[in-house]
Amino acid sequence: MPKVTIDGQELEVPAGTTIFQACQQLGIEIPHFCYHERLLIAGNCRMCLVEVEKSPKPVASCAMPVADGNVILTQSEKAKKARHGVMEMLLINHPLDCPICDQGGECDLQDEAMAYGFDRSRYRENKRAVPEKDFGPLVATHMTRCIHCTRCIRFLADVAGVPELGGTGRGEDMEIGTYIERALSSELSGNIIDLCPVGALTSKPYAFVARPWELRKTESVDVLDAVGSNIRVDARDGRILRVLPRLNEAVNEEWISDKSRFAIDGLVRKRLDRPYIRRNGRLVETDWRSAIELAAERLKAVPGERIAAIAGDLCDAESMFALKLLLGGLGAASLDCRQDGARLDARCRPGYVFNTTIAGIENADACLLIGTDPRHEAAIVNARLRKRYLRGGFRVAAIGPALDLTFPVEQVGEGGEAVSALVRGDHEWASVLEAAKAPMLVLGQGALARPDGAQILWAARAIAETCGLIRPEWNGFNVLHRAAARVGGLDLGFVPGPGGRDVAGILAGCRSGETEILYLLGADELDLTDTGSAFVIYQGHHGDRGAAHADLVLPGAAYTEKDGTYVNTEGRVQLARRAVFPPGEAREDWAILRAISAALGRALPFDTLPELRRHMAVSHPGLAETDELLPGVWGGFGEVGTIAPAAFAYPVTDFYATDAISRASPTMAECRETFAREPATAPRTGTHG
């Protein structure tokens, strides 16, 4: 390995290491703008210049591999003078927008100019001006500030796989933009705001709203899909103003989807902030005492077998645990957290989690997708699949309608017929999986939410076992969820008990009169147009589909307004933390259920959230192991039976309206309108390679 000397310190590094990376290993800070560890090297900005002995001029450290015997000086007069010159050149055309720029206070250019810049400029020429570009409803552009680092171009082309940005012109005439004026169509486009080292790209919904030092920052997790992306929630005066990604190499690296970032304006719209009771066909306001007493009175009057509950996609584990404990004490067995009707089997944990893990995708060499569209169901997982594809030696096939995942996908069937062929072993991809060193299978809700979903689950298990996906050191069987609450609900056993009904059975029971009380815990994705004579209690935070058909509405807290436990699609337990308080009279969900239990005379055995978590940890120890992936024992799951040959249908038809929060968001509504206006002849994803 090459040995180098940097500022008098000797270091041995692997071949191919750049000077910049070698300096990082010694903790030496090198200023830079265009370099980013997750993007391909461009060497555009030249801010990272260092002096290398025997080199006639300063060297761009980000693009120069070390050579054995290099003597590198990062703080020499030659290096400092070169950086002063580069900074002076960068600021020739940069406008004096700092007082009004949204990047102010967290701008790389400000920081680098203070630390490495010169104290005066020798240029008096007029600054150039560049027309603003329209990148759609999410990203605001101020291209006069652009320093041509090309981070945005490289991110969209390499990470997102949607190469819609590029540079036109040369020298002073160069501009960054879309070649044909259009909105950026990637589900990850907001990440270029974080990547931009100046104020050229900023958040359009956040424009001129706040300064970073005014914000109260809370570390939490996103719940608008099942990935569990780590986020930072920034709030001021009791209102969420923005969401940014947090670094977690195992889950989302440092990216988040546009929905996670921009749907937050839906948190203050269509909110439930007080209890309601339906009288004479209309919901009217009431007080908490009356609402709790009515709920208790109804629950007391009905036998347990006529009570049912459905948990929604955004529920935290604590509220589901409390509801199960409450209704289980009344004898209710008809509980279900699978509101889309997915035939998941809660008896075997490896049968309903993403066993390969999100980070483990990078170790796979073959992937079969069954009934899933990861680009719209889990954009971060799709980005990880693309990252693995770019390294080479990775084949991906899909069973389902044609997909555009930003990387090549072999279509090997559309529905159950292809799955049955794989089980029999007479499908081409059976041999591909068998020959792979680390094959993986991803089973989606588009396959599991069919009437024959249990049979498809069994077939997927059979494929995994016969094709060598299950090994002591590797588990290639994966279920990709869409709902943040789903794995937690299955871990808690929030599924029908003996004699209990699933979601379809519960709704059928409402229509027939066999189910007299239906308790909806944030369940908004159901068809509730006909619930018969059943008394519907809705507990949630938005006046969405569930509240519209309820007889009693209990206002709960959204994910940013409570401390809660969520389990992501790979089975990783993570904690969401309260950033603001719920609006009006809304309360945390577990506290509402505790109050109902007291009114019933069956008080739940906890009065505080820590007490609840201690009880939950006793019943379900895995939920106390935060940020850990607990190994499960592989076993039997699914049901043997006939699989219908019909094509799968992907569950996400509108990426920007998958839950109550995003449906209430004006920004997401603007995204839907923008992309609905795009001509059908213009593909939303450009070309992919």
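Details
- Verdict on Glu29 being outside any strand (DSSP E or B) and out of contact with any His (no Cβ under 9 Å at 6 or more places or on another chain): yes
- Within the stretch 388-402, the set of residues being among the aliphatic types (A, V, I, L, M) and crowded, with 18+ Cβ neighbours inside 10 Å comprises Val396, Ala397, Ala398, Ile399.
- Only one of Glu37, Glu53 that is farther than 25 Å from Ala157 by Cα and either at pLDDT 95 or above or surrounded by fewer than 14 Cβ atoms within 10 Å (Cβ to Cβ) (or both): Glu53
- In summary, Arg46 fulfils each of the numbered conditions (1) open to solvent by 50 Å² or more (accessible area, probe 1.4 Å); (2) farther than 20 Å from Ile92 by Cβ with the single exception of condition (2).
- Counting only strands (runs of 3 or more DSSP E) that fall entirely inside the stretch 185-292 and contain at least 3 residues that are within 23 Å of Asp108 (Cα to Cα), the qualifying elements are 201-203, 216-221, 230-236, 239-245.
- Residue within the stretch 211-221 that is over 18 Å from the mean Cα position of the chain (by Cα) and open to solvent by less than 30 Å² (accessible area, probe 1.4 Å) present: yes
- Gly199 at pLDDT below 95 and surrounded by 18 or more Cβ atoms within 10 Å (Cβ to Cβ): yes
- Qualifying strands (runs of 3 or more DSSP E) (wholly inside the stretch 459-548; at least 1 residues being closer than 26 Å to Ala301 by Cα and not charged (D, E, K, R)): 517-521, 535-540
- Residues (in a loop (DSSP other than H, G, I, E, B) and either of a type in the set (S, T, N, Q) or open to solvent by 20 Å² or more (accessible area, probe 1.4 Å) (or both)) located in the stretch 656-671: Ala657, Thr658, Ser665
- When the residues of the stretch 65-87 are filtered to those that are in contact with a strand residue (DSSP E or B) (Cβ under 9 Å, 6 or more places away or on another chain) and among the charged types (D, E, K, R), the one that is most open to solvent (accessible area, probe 1.4 Å) is Glu77.
- Once the stretch 441-466 is narrowed to residues that are among the polar types (S, T, N, Q) and surrounded by 20 or more Cβ atoms within 10 Å (Cβ to Cβ), the residue that is nearest to Thr642 (Cα to Cα) is Gln455.
- Subset of the stretch 158-169 (residues that are open to solvent by 30 Å² or more (accessible area, probe 1.4 Å) and of a type outside the set (D, E, K, R)): Pro163, Gly167, Thr168, Gly169
- Unique residue being more than 30 Å from Gly444 (Cα to Cα) and either free of Cβ contacts under 8 Å to residues at least 60 places away in the same chain or not in a loop (DSSP other than H, G, I, E, B) (or both) when the list is Ala599, Ala617: Ala599
- From the list Pro645, Pro621, Pro651, the lone residue that is over 30 Å from Pro401 (Cα atoms) and either surrounded by fewer than 14 Cβ atoms within 10 Å (Cβ to Cβ) or not aromatic (Phe, Trp, Tyr) (or both) is Pro621.
- Residues of the stretch 468-480 that turn out to be buried (at least 24 other Cβ atoms within 10 Å of the Cβ) and more than 14 Å from Asp345 (Cβ to Cβ), as a count: 4
Residue-by-condition table, conditions (1) at pLDDT 95 or above; (2) out of contact with any Gly (no Cβ under 7 Å at 6 or more places or on another chain):
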position	(1), (2)
His427	no, yes
Trp458	yes, no
Cys467	no, yes
Leu490	yes, yes
Leu518	yes, yes
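- Residues satisfying the criterion are present in the stretch 509-518 (criterion: in contact (Cβ under 8 Å) with a residue 40 or more places away in the chain, over 24 Å from Gly540 (Cα atoms) and out of contact with any Asp or Glu (no Cβ under 8 Å at 6 or more places or on another chain)).
- Some residue of the stretch 357-371 being β-branched (Val, Ile, Thr), farther than 21 Å from Arg613 by Cα and open to solvent by 10 Å² or more (accessible area, probe 1.4 Å): yes
- Hits in the stretch 170-184 (condition: outside any loop (DSSP other than H, G, I, E, B), touching a residue at least 24 places away in the same chain (Cβ under 8 Å) and surrounded by fewer than 20 Cβ atoms within 10 Å (Cβ to Cβ)): Glu172, Glu175, Thr178
- Residue within the stretch 72-88 that is in a loop (DSSP other than H, G, I, E, B) and touching a Leu at 6+ places or on another chain (Cβ under 9 Å) present: no
- Some residue of the stretch 549-558 being in contact (Cβ under 8 Å) with a residue 12 or more places away in the chain and within 22 Å of the chain's Cα centre (by Cα): yes
- Test: residue in the stretch 375-385 that is buried (at least 18 other Cβ atoms within 10 Å of the Cβ) and either over 18 Å from Gly444 (Cα atoms) or more than 24 Å from the chain's Cα centre (by Cα) (or both): no
- Within the stretch 419-440, considering residues that are over 11 Å from Ile463 (Cβ atoms) and in a helix (DSSP H, G or I), the one least open to solvent (accessible area, probe 1.4 Å): Val432
- Among the numbered conditions (1) over 30 Å from Leu469 (Cβ atoms); (2) at pLDDT below 95, the only one that Asp316 does not meet is (2).
The values are calculated or read from the model by the stated rules, or taken from the named source; none is laboratory data. For clarity, every value in this text was computed on a predicted model and none was experimentally measured. In this analysis, Cβ positions are derived from the backbone assuming ideal geometry, glycine residues included, and neighbour counts consider all displayed protein chains. The protein model used for the area step is the full one, side chains on, heavy atoms only, and it has no ligands, DNA or RNA in it. Shrake-Rupley method; radii C 1.70, N 1.55, O 1.52, S 1.80 Å.
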